[in-house]
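The structure under discussion appears below in the form of structure tokens.
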Amino acid sequence: TTISKIMLYFDSLSHYGKSPYLYPIYGLGDLPQAFARLSAVYGGTYMLSKPVLGFTYDDSGRVTGVKSDDGVAKCKTVVGDPSYFTDKVKQVGSVGRCIAILDHPLVDTNNAESCQIILPQNQINRRFDIYISCVSFAHNVAPKGKYICLVSSTMETADPKFDLAAGVKLLEPTLHKFYSVSPLFEPVNDHQKEGIHISKSYDATSHFQTVCEDVVRLYKEITGETDVSYIFVPKKKEDEQ
């Protein structure tokens, strides 16, 4: 609801100072790196640069391993994105994206080095909102004086330039623009029987709320827990010492 979204925004703002948003220095690649480090602390093992050639199952249809070029990695549970399980997902739409490189901040943002803009669907005569995310040299993801913007929305036509026009217009002039269209997949498999847990495709939103909700869904599936509210409670300082 609108009230819950306002509360989320307010709570985030009170946690992190001048902005309710967090973005890692050097880009989003630092998020999986942080996960890898934490996993290693708890005994995680990595097989780098290994192709996934398929999966092995027992007689009941439950996954028992992941096939690679030099053998099978035994396991009881597999977690992956839809690209590994084309026969266990269905397409529910497509997302159009435009990555643009600029040499100026977005207009009417008070020269902000980063920002989030959402164009409501009813104000741009569309069925879906358009999302604009802007980061810059301040986050060490671009050279000095350069800005990187991502415009995204759920596709309504076959032409991403048409679907994203209202958002891209706010970026002009741009140095370069790169358009793409990606399918949206959702899992349709029986995860309880197979032990295979599949994430949803990244949707058009650029604030990661839906991604976080999908992570919680996977966590519930894997653990079998229904009440996972404890993972949202911030650690107290005395607990971290």
> Using a basic spin-label model with each label point 7 Å from the Cα along Cα→Cβ, how many nm lie between Y21 and I6?
Replying inline: 2.2 nm
>> So if I restrict to the alpha-carbon atoms in the range 105-241, what is the Rg, and what is Dmax, the biggest pairwise distance, in Å?
In response: 19.2, 54
> To the nearest 20 debye, what is the magnitude of the charge dipole of the chain about its Cα centre, counting +1 on the Cβ of each Lys and Arg and -1 on the Cβ of each Asp and Glu?
Replying inline: 280 debye
> Going from most exposed to least, what order do H191, H15, H197 have by accessible area with a 1.4 Å probe?
Replying inline: H15, H191, H197
>> Straight-line reach from K74: which aspartates and glutamates fall under 13 Å, measuring Cα to Cα and dropping same-chain residues less than 8 apart?
In response: D58
>> Probe of 1.4 angstrom, ligands and nucleic acids ignored: what's the accessible area per residue over the chain, in square angstrom?
In response: 67 Å²
>> For the chain, take the longest principal axis of its alpha carbons; what is the angle in degrees between that and the long axis of helix 209-223, to the nearest 10 within 0 to 90?
In response: 10 degrees
> Can you give the Rg to Rh ratio for the range 1-41, taking only C-alpha atoms and Rh from Kirkwood?
Replying inline: 1.17
> Within the accessible area of the chain, what % is carbon and sulfur when the probe is 1.4 Å and the other protein chains stay in place?
Replying inline: 56 percent
> Looking at this model, which pairs from K144/K169; K50/K146; K18/K169; K161/K193; K169/K220; K5/K50 are more than 32 angstrom apart at the alpha-carbon?
Replying inline: K50/K146; K161/K193; K169/K220; K5/K50
> If you average 1/r over every pair of different alpha-carbon atoms in the range 171-224 and take one over that average, what Kirkwood value in Å do you get?
Replying inline: 13.7 Å
> What relative contact order, as a whole-number percentage, does the chain give when Cα pairs under 8 Å and 6 or more residues apart are counted?
Replying inline: 20 percent
> Tell me, what is the Rg over Rh of the range 140-200, with Rh the Kirkwood radius over Cα pairs?
Replying inline: 1.18
> Out of A40, A158, A100, any idea which swings most in a Gaussian network model of the chain, alpha carbons joined below 10 Å?
Replying inline: A40
> Looking at the range 47-126, what % of the alpha carbon pairs are farther apart than 14 Å?
Replying inline: 78 percent
>> I'm spelling it out carefully: the read-out is mean projected area of the Cα convex hull in nm², the candidates are [x] 16.9; [y] 13.3; [z] 15.2, and one was derived from this structure. Which label?
In response: [x]
> What does the charge add up to near Q121, with Lys and Arg as +1, Asp and Glu as -1, over the other residues with Cβ less than 14 Å from its Cβ?
Replying inline: -1
>> With n ≥ 4 as the cut-off for DSSP H runs, can you work out [θ] at 222 nm for the chain, using -39500 (n - 2.57) per run divided by the number of residues, rounded to the nearest 500?
In response: -6500 deg cm²/dmol
> How far is the Cα center of the range 75-118 from the Cα center of the range 1-73, in Å?
Replying inline: 15 Å
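The values are calculated or read from the model by the stated rules, or taken from the named source; none is laboratory data. Keep in mind that this is a model prediction, so the values were computed, not measured. Here the Cβ is made from the backbone with ideal geometry for all residues, glycine too, and neighbour counts use every protein chain on show. What goes into the accessible areas is simple: the full protein's heavy atoms, side chains included, and nothing from ligands, DNA or RNA. Shrake-Rupley method; radii C 1.70, N 1.55, O 1.52, S 1.80 Å.
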